[in-house]
1. In the chain, what percentage of the DSSP-assigned beta bridges are antiparallel, given to the nearest 5?
2. Helix 71-84 versus the longest principal axis of the chain: what angle, 0 to 90°, nearest 10, using Cα atoms?
3. I'd like to compare 41-48, 70-77: which one has the highest average count of other Cβ atoms within 10 Å, and what's the full order after that?
4. Enter the accessible area per residue of the chain (Å², integer; probe 1.4 Å; all protein chains in place).
5. How long, wide and thick is the chain, going by the Cα atoms along their three principal axes, in whole angstroms, largest first?
6. In the neighborhood of ASP122, defined by Cβ-to-Cβ distances under 10 Å, what is the net charge if each Lys or Arg adds +1 and each Asp or Glu adds -1?
7. Charges only on Cβ, +1 for Lys and Arg, -1 for Asp and Glu: so what's the dipole of the chain about the Cα centre, in debye to the nearest 20?
8. To the nearest 10 square angstrom, how much accessible area does LYS82 have with a 1.4 angstrom probe?
Amino acid sequence: MTVNDLDLLHQDTIAPCAVFDVRPGWVPLIRQAAVAASGFPPAEQVKITGCVASGGMLVLKFSDRLSPKFAGAIKLRETIRKKSLSTCEECGRPARLRIGMARQMTTCEDHVHLVGELRDDDGRHLDPWETP
């Protein structure tokens, strides 16, 4: 499934101009988010306007960010973000966050080469947004 397929399958929860800047292994996570968002009560409906790969994590973007109804979307964004930290960006298999000299990515063993040279502290950080 491609990102374009998501637009067609989930028109109720994905904005028409949504931009998904992620590798193919995370497309199923976007689909999970779209399905989950379609189950929000009518008063809490939001649309997914896109996402980015940031620091080896998938971070969803939503419409209506200033609305009180955004609470459900914040929980969904956090759920998907945490799932992305154990899902290979390239293939979708089980993975972990890799800390490279030039980039951070979540990859399986087969795709760790995409990160480049690893830093000495690689493997010590499970979630960059959580403090130890």
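The values are calculated or read from the model by the stated rules, or taken from the named source; none is laboratory data. All of these numbers come straight from a predicted model, not from anything done at the bench. Cβ sites come from the backbone with ideal geometry, for glycine too, and all protein chains shown count toward neighbours. Only protein heavy atoms, including side chains, enter the accessible area calculation; ligands, DNA and RNA are left aside. Shrake-Rupley method; radii C 1.70, N 1.55, O 1.52, S 1.80 Å.
1. Taking every DSSP beta bridge within the chain, about 75 percent pair in antiparallel fashion.
2. 30
3. Packing proxy ranking, top to bottom: 70-77, 41-48.
4. Working: 7380 Å² over 132 residues.
In whole numbers, the chain has 56 Å² accessible per residue.
5. 48, 33, 21
6. Cβ neighbours under 10 Å give a net charge of +1.
7. Dipole magnitude for the chain comes out near 320 debye.
8. 90
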